[in-house]
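Report on one structure; see the data block that follows.
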Amino acid sequence: MLYPLTEEQLMIKEVARRIAEEKIIPKRAELDEKEEFPWDILKEIARADLFGIFIPEEYGGLGFGSFENSLAVEQIAWGCAGVATAFAASGLGAYPILLFGNEEQKRTYLPPIAKGEKLAAFGLTEPNAGSDAGGIQTTAIKNGDYYIINGTKQWITNAGEAEIYVIIALTDKKKGPRGASAFILEKGDLGFSFGKKEKKMGIRASTTGDLIFEDCRIPKERLLGKEGMGFIIALKTLDYARPGVGALAVGLAQAALDEAVKFARQRKQFGQPIISFQAVGHMLAEMATQIEAARALTYTICKYIDTNPKDFTKYAAMAKLFASDVAMKVTTDAVQVLGGYGYMRDYPVEKMMRDAKILQIYEGTNQIQRNIIAQILNKEYGKQK
Amino acid sequence: MKYIVCIKQVPEIEGVKINPETGTLIREGVKSIINPYDLYALEAALQMKERYGGNIILLSMGPPQAEEALREAISYGADEAILLSDRAFAGADTLATSYTLAQAIKKIGHYDIIFCGKQAIDGDTAQVGPELAQRLNLPYVTYVRKIELKENSLIVERDLDDGYQIIQITLPALLTIVKEIGEPRVPSIRGKMRAKKLQIPIWTAKDIEAKEEKIGISGSPTRVLKIFSPPLRERKEIISGSLEEQVKTLWEKIDNILK
């Protein structure tokens, strides 16, 4: 075995794989076609305990780490990247509470997320603040024991489906990014509503939409960490989540390779299976090698995160960047290997190619990942003099 | 509520071959699985547990390795398991099996619903469930696809070829379950961890106070004389002639069927 797993890790991988095979694959084309949120499948994932993999046992989780969570994300994405996005986005919403929540916030919000009874979501992006997250305009003004929130969050995964939201809003406009704070919002909070569900190119089983705050009044106990920590919380959350995107990309790419090899072995042209043509064989070899490299990078970084390092921003960006670029290339090549069949919706690879594109965009575009890596390199080499 | 689910470990049917000389199953190298219909029975019990609470006990009669099947079934969310294993149980037909299971269930004592799969994929008799109910003097419904609890009774849907019956049955009762109850869930991580550690007691003939003449081969009046694969019935017909004649003949035949 290339990656020796403990008994528990093997269990997680096997359970997630079975969910993909038995519960996701038979329904993925329909979910994609109808743009339907996969509640039945998420219920299955919840029953299997997978929502709580990285949440400590005292908060109702299994108490494992980033690596184990990535094993599950990879297998679920092997079944459908849309379902995996809905699943992983709940983790993205849980991380800020886990990392920065006080005891009471953790006790209140983490157990239902760990059990999969409630989905979580994370809201940073706004219409005028995408890659430039510092440009957010949503405000949270303190008023006695409350904060009054106004503004709109855009393209939020699990919008409307999740019960628990962590959002970033400005508590002090004058301080710019240092005036941002993180808050826990609950579906049903007065003045908190949802905009239209977006129509997307891929990951159509997942829901993406706006969070709208109109004089939304929440108790001051919903503040995560301290005022002014909003961006630190957001960046740390993304550090933890990005290798998860890497794992999602690896699972998706593996699924595309599996389809491509299977097809190339069966499809005959000029009297022989097309895998025997070097043009096709080399393409598959390239795909398989890239996936293995992406998996190695993602696993290594997840295992590193589980040693609780102080800073792993650069590595998290690398895992997300490399694996998502691989997924885009591999899924595109899988369509090419299947030729006309690959372009048809009767085969799953065109969906995989549509799904892959978002991985280069969400949780920070790959251009932003390169910026992050370059900035850190500049800093690291600057210190070395 | 206390539920008992009967589980049988069976050979994976796709791998099984028959020795043409002896007419017996060649079991060597064939993977053992939980009888798929028993997984539907377990799913039914798990659904009841989710809705009404309670405890699920698994019961299986088989060789020591049937413990694997019980451990696997535990990982789906059952609470306890008991293995009935004794050399004296070997060679049991459905009559001896139902007697043995009934003795064990009497020892368990209190229960509300016993779930069985509609049949096992190796023997395909569908007899053990009803026989067991008879031995325990319980009301039973076969081919159940839906269950609702109503006070001290169940309202169940019984699946038939051309429709379904709605039946009310008092508790305690025995149900045999069909796949329409819903596809079995996937085992959980916590379930798998529990399954690994759980102590599974083994009950012998003595433990369940079984009479020697009623168990195993001595309690089994059934004798298998011969096992064979039935020949495929050939019903094909080759239509000949010119293309036009073939189409005409074919159409006449279809037309006849449609009339």
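For B:Ser85, neighbours were defined as the other residues whose beta-carbon sits under 11 Å from its Cβ, and their charges (Lys and Arg +1, Asp and Glu -1) total -2.
Measure nothing but the geometry: give the 0 to 90° angle between the long axis through the Cα atoms of A:230-266 and the longest principal axis through the Cα atoms of chain A, rounded to 10°. Value to nearest ten degrees: 20.
The overall shape of the range A:170-260 is oblate: from the C-alpha gyration tensor, with semi-axes ordered a ≥ b ≥ c, the ratio a/c is 1.5 or greater and a/b is no larger than b/c. Its residues counted as N, chain B yields a C-alpha radius of gyration over 2.2 N^0.38 Å of 1.23. By the count of neighbouring beta-carbon atoms within 10 Å, fewest first, B:Asp161, B:Asp86, A:Asp215 end up ordered B:Asp161, A:Asp215, B:Asp86. The residues A:Leu50, B:Leu132, when put in order of fewest to most other Cβ atoms within 10 Å, stand as B:Leu132, A:Leu50. Helix A:81-100 and the longest principal axis of the C-alpha atoms of chain A enclose an angle of approximately 30°. A straight Cα-to-Cα reach below 17 Å connects B:Lys197 with the aspartates and glutamates A:Glu7, A:Glu8, B:Glu67, B:Glu68, B:Glu72, B:Asp79, B:Glu80, residues fewer than 8 places away in its own chain not being considered.
Other residues with beta-carbon under 10 Å from the beta-carbon of A:Gly61 carry, at +1 per Lys or Arg and -1 per Asp or Glu, a net charge of -2.
Would you work out the relative contact order for the range A:45-187, in percent, from Cα pairs under 8 angstrom that are 6 or more residues apart?
Numbers: 261 pairs, mean separation 29.0, N = 143.
Relative contact order for the range A:45-187 comes out at 20 percent.
With 10 angstrom as the radius, rank A:Lys115, B:Lys253, A:Lys310 by how many other C-beta atoms surround their C-beta, starting from the fewest. Provide the component values of the computation, followed by the final result.
Working: A:Lys115 16, B:Lys253 12, A:Lys310 4.
In order of increasing Cβ crowding within 10 Å: A:Lys310, B:Lys253, A:Lys115.
Spherically averaged projected area of the convex hull of Cα atoms, the range A:231-383: 10.2 nm². Diffusion of chain A by Stokes-Einstein, at 37 °C in a medium of 0.692 mPa s and with Rh set to the Kirkwood radius over alpha-carbon pairs, works out to 154 µm²/s.
Per-residue ellipticity at 222 nm, computed for chain A from helices alone with -39500 (n - 2.57) per DSSP H run of at least four residues, works out to -18000 deg cm²/dmol. For the range A:121-228, the equivalent ellipsoid derived from the alpha-carbon gyration tensor has semi-axes of 23, 16, 11 Å in decreasing order.
Using the Kirkwood radius over C-alpha pairs as Rh, can you work out the diffusion coefficient of the protein assembly as shown via Stokes-Einstein at 4 °C, viscosity 1.567 mPa s, in µm² per second? Could you put the intermediate results ahead of the total?
Working: Rh = 28.2 Å.
For these conditions, the coefficient is 46 µm²/s.
The equivalent ellipsoid of the range A:7-119 has semi-axes of 24, 16, 10 Å, largest first, where each one is the square root of 5 times an eigenvalue of the Cα gyration tensor. Dividing the mean sequence gap of close Cα pairs (under 8 Å, 6+ apart) by how many residues the range A:121-228 holds gives a relative contact order of 31 percent. May I ask for the angle, rounded to the nearest 10°, between helix A:25-34 and the longest principal axis of chain A, with both axes built from Cα atoms and the value confined to 0 to 90°? Helix A:25-34 sits roughly 60 degrees off the main axis of chain A. Summing +1 for each Lys or Arg and -1 for each Asp or Glu among the other residues whose beta-carbon sits under 9 angstrom from that of A:Ala46 gives 0.
Just so you know, all these numbers are worked out from the coordinates, no wet-lab data involved. Since the structure is predicted, the reported quantities are computational estimates derived from the model, not experimental observations. Glycine also receives a Cβ, built like all others from the backbone with ideal geometry; neighbour counts cover every protein chain displayed.
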